[in-house]
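In what follows, a single structure is set out as structure tokens and then discussed.
The values are calculated or read from the model by the stated rules, or taken from the named source; none is laboratory data. Since we're looking at a predicted model, the values are computed, not measured. Positions of Cβ are backbone-derived with ideal geometry, glycine not excepted, and every protein chain shown enters the neighbour counts. What goes into the accessible areas is simple: the full protein's heavy atoms, side chains included, and nothing from ligands, DNA or RNA. Shrake-Rupley method; radii C 1.70, N 1.55, O 1.52, S 1.80 Å.
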Amino acid sequence: MSSTDNANPVITRRDDGAIAILTADNPPVNATSLAVRSGLKAAVETADADPAIGAIVIACAGRTFFAGADVNEFGRPPQKPILFELCNAIEACSKPVVAAFHGTALGGGFEIALASHQRIMKADARAGMPEVLLGLTPGAGGTQRLPRLIGLPAALDLITSGRQIKAQEALKLGSIDAIAESDLLGEAIAMARAAIGKPIRRSGDLDVPAYDAAAVEEQLAAVKKKARGQTSPVEAATLVMNAVKGSTQEGIAAEREAFLRLMDTEQSKALRHIFAAERQALKIDGLDLSSAREVRHIGVVGAGIMGSGISIAMADAGYSVTVVERDEEAASKGRERIGGTYARTVKSGRIAQAVADERLARINVGHDANAFTNCDLVIEAVFDDLQVKQELFERLSGIVRDDCILATNTSYLNPNDIAAHVAHKERVVGMHFFAPANIMKLLEVVRAEHTAPEVLATAIAVGKRLGKQCVVAGVCTGFIGNRIYASYRKQCEFMLEEGATPTEIDAAMESFGLPMGPFRAFDLSGLDISWALRKRQAATRDPAARYCVIPDRLCEAGQFGQKSGAGYYNYASGKPVPDAKAADIIEQAAKEKGLPRKTFSADDIRRRLIAAMANEGGKELEEGVALRESDIDLVFTNGYGWPKWRGGPMFQARVMGLEKIVAEVREMQARDGSEFTLSSWLEAQAQS
Ligand code: 3H9
């Protein structure tokens, strides 16, 4: 075995007989930054020209194969060699090139592998083309080489969804040639050695396998429908179809044009903002995430909708769960609810019966709180009433171990008040799940007054293991999300008093990308819940604050939303249609206020709603309830159905222009009173 000197710091070459092993080492994830591209291209060309070399292996050091283009270079002028030029050079090499990958081969990383002549993958590795998830398309030959290797339908699926595949699927599809069970590099070297002197199979030279044109047409239509306004999957599909229309190099030229064009779009900027936000969210000043305690056994109080969802999420993640209800009847209902959810998941084909059985066996539902004695964490998910929760926490603190973390799933109450009578308050934290808790990605982790850092770190570690997007929030009514949502909701209702209809407001927000407009969403979740909350708060409400009576009147008329057949809409036909009674109530309420009726364009509606949200978000930032602007965007894209390609309300406020947003808030303040005073954070940002 010999080594060859290499001046490039991130690409090293080591020769094993006639095999040149080129290894990239560009931490943390071997992104294909300029040094990687130039070093690898030069190393491939040098090895190709070296008469002592018969074949080449490309591999990576560290935790993963190339994770794709370096996102830190995005938006800067491209520097040569461009990634597609590197891929072309690899494919053109006159000696066999084997890509050996571990970890994840993503985007440009997978494209390097596709341009290589053979591919071997570690059994636990994954591969994929996630560019569409960044609002981009592959830009280094992926849309041309992948369909030639695995056929149009499978390539369309992978490239337009961005999903990652495991080794077995990659092999079955034909995107790799072998799986390395133990010694990746050893097996890759053997593969390269066996290829010396044999004909080279270049992906770009292959013909796309025969396909069913009608089925592909259907697939293309489905891609468009699913994208719901997001452009990159549709663009990516068009590029993949070029593989059956022209040469590989023509297809790559079209790819390059699309990649550069999409880079400048608002959608791609929004998605890249979310990508960075996800990685920022858990960087919290002064918090060492490695201080998290080990959690094995989790207790859940309550087996209602939230409690069951939380228990299922925990069991799905491998925790053993003890659920306690107030009596056997409630426990039995809880068992049915949890069992029913698993049965539906099996029926939908998402998990096998054996997997469901295994998970269900991890959940024990009973009615004796003493079963919590060996829990490391207990989460309460009972009725959102302060006294109920205070008494429960007090009782729990007498049962559980002193180091057992006590978490509250409250949506609106103050965790400091809930912990008022608890011994060792430093173990109290908020874990605010969103319904259905086993599905929704968001978890607001609420730092209470006394929460110890390792307790916060533990709640985050549990959330991460559940696959949740954790966002740390401070204490206030509604935390980050529901507090902003309340401002949004109020402005939706105020616009009804001023002349807009529920249909107009919903259409404006649905065409913006929300899966459901606000009034359809209010109807779906039920108008009676917030009615009850408003009645409880009536005595303490500021009499000078603007108050909209429309939702109260709907409830008084028995219109609680979809579940009662009518709310803002009428559901008698099975579909939401404008409701005559709701229209009367709105008109009457507007008349009583004597407000001038005006027409709202979709832009007016969106600007007003984004302004209300950004202003409340600004106040949260001032108060330290939210740590960063991007955390607020994560809350809305993971917990409230906001499409990631819109980036979240704070991102949108910047897109619309902060000066316009501030002007809108000033109008709100003049019209709607003290609740909508301009946030000084927002004002300062607009001026900077
Ligand atoms: C592309 O390839 C286009 C081409 O077709 C054409 C080009 C012409 N660049 O996620 P983690 C950083 S588009 C730079 O916490 P994990 C990340 O910010 C690209 N940096 O780790 C973080 O930094 P920090 C297609 C990157 O183990 C650190 O690495 N590729 C990149 O949970 C650790 O990240 C993708 O979209 C990057 N590409 O997951 C892949 N990726 O520590 C995106 C990550 O300072 N990446 N970083 O916060 C991922 O999916 C995950 O990071 C990965 C590792 C699965 C690789």
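Worth pointing out:
- Remark: relative contact order (region 2-264) = 18 percent; criterion is Cα-Cα distance under 8 angstrom and separation of 6 or more residues.
- Based on Cα contacts under 8 Å between residues 6+ apart, the chain shows a relative contact order of 9 percent.
- In a DSSP loop and with at most 14 other Cβ atoms within 10 Å, the chymotrypsin sites (Phe, Trp or Tyr not before Pro) in region 377-475 are Phe383.
- Taking the DSSP bridge list for region 295-475 and keeping only pairs wholly inside it, about 15 percent are antiparallel.
- The solvent-accessible area of Ser564, taken with every protein chain present and a 1.4 Å probe, is close to 50 Å².
- Against the main long axis of the alpha-carbon atoms of the chain, helix 629-639 sits at an angle near 80°.
- Straight-distance crosslink candidates among aspartates and glutamates, where the alpha carbon sits under 15 Å from Lys225 and sequence neighbours closer than 8 are dropped: Asp157, Glu217, Glu235, Glu510
- Spatial separation of Cα centroids for region 38-104 and region 252-269, in angstrom: 22 Å
- Dipole magnitude (debye, nearest 20) for the chain, charges at Cβ of Lys, Arg, Asp, Glu: 820 debye
- Based on DSSP H segments of at least four residues, each scored -39500 (n - 2.57), the chain has a per-residue ellipticity at 222 nm of -15000 deg cm²/dmol.
- DSSP bridge pairs, the chain: antiparallel proportion in percent, nearest 5: 30 percent
- Loop-located GluC sites (Glu not before Pro) across region 469-572 with a Cβ neighbour count of 15 or fewer within 10 Å are lacking, with loop assigned by DSSP.
- Region 295-475 - accessible surface per residue (Å², probe 1.4 Å): 41 Å²
- Dipole of region 295-475, positive direction: furthest Cα of Ser311, Gln390, Ile351, with charges on the beta-carbon: Ile351
- For region 295-475: relative contact order, % (alpha-carbon pairs under 8 angstrom, 6 or more apart): 21 percent
- Bridge orientation summary for region 2-264: considering DSSP beta bridges with both residues in this region, about 40 percent are antiparallel.
- Total formal charge among the other residues, if their Cβ is under 9 angstrom from that of Gly648, Lys/Arg +1 and Asp/Glu -1: 0
- Nearest-ten-degree value, helix 658-672 long axis tilted from longest Cα axis of the chain: 10 degrees
- Taking 7 Å steps out from each Cα toward its Cβ at Ala538 and Phe383 produces label points 1.9 nm apart.
- The GluC sites (Glu not before Pro) of region 373-479 that DSSP puts in a loop, and whose beta carbon has at most 15 other beta carbons within 10 Å, are Glu449.
- Positive minus negative residues near Ala18 (Lys, Arg vs Asp, Glu; Cβ under 15 Å): +1
- The chain: angle of helix 602-623 to the longest principal axis, Cα-based, in degrees nearest 10: 90 degrees
- Alpha-carbon centroid distance for the pair region 304-339 / region 583-627, whole angstrom: 38 Å
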